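The values are calculated or read from the model by the stated rules, or taken from the named source; none is laboratory data. Quantities reported herein were computed from a predicted structural model and do not represent experimental measurements. Cβ atoms come from the backbone with ideal geometry, glycine included; neighbour counts cover every protein chain shown.
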């Protein structure tokens, strides 16, 4: 069950000509996403537009989800968790 306090966003991953994920666009987001991220009106904007210094690991995480169709989680820390499809 997804709780309303969890920040959720629907993303479009943007790939370069070599097929590497380089950015992502926010297509939809719930109110909790805005509260947790501090980003106002994120819909339609890219991550690089909103946070130019965003860690590349975010794009790698989202690119992996697109490539494998397997969910991943990101815990607070410098790198995405790829240990499995369930959060710890």
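So the values come out like this:
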{"quantity": "Members of region 28-55 found to be at positive phi and either touching a residue at least 40 places away in the same chain (Cβ under 8 Å) or touching a strand residue (DSSP E or B) at 6+ places or on another chain (Cβ under 9 Å) (or both), listed by number", "calculated": "44"}
{"quantity": "Residue check, residue 10 without any contact (Cβ under 8 Å) to a residue 24 or more places away in the chain and in a loop (DSSP other than H, G, I, E, B)", "calculated": "no"}
{"quantity": "Residue that is surrounded by fewer than 13 Cβ atoms within 10 Å (Cβ to Cβ), modelled with pLDDT of 95 or more and part of a loop (DSSP other than H, G, I, E, B), where the choices are 18, 88", "calculated": "18"}
{"quantity": "Residue count for region 30-84, restricted to those that are assigned to a loop (DSSP other than H, G, I, E, B) and either surrounded by 12 or more Cβ atoms within 10 Å (Cβ to Cβ) or at pLDDT 80 or above (or both)", "calculated": "21"}
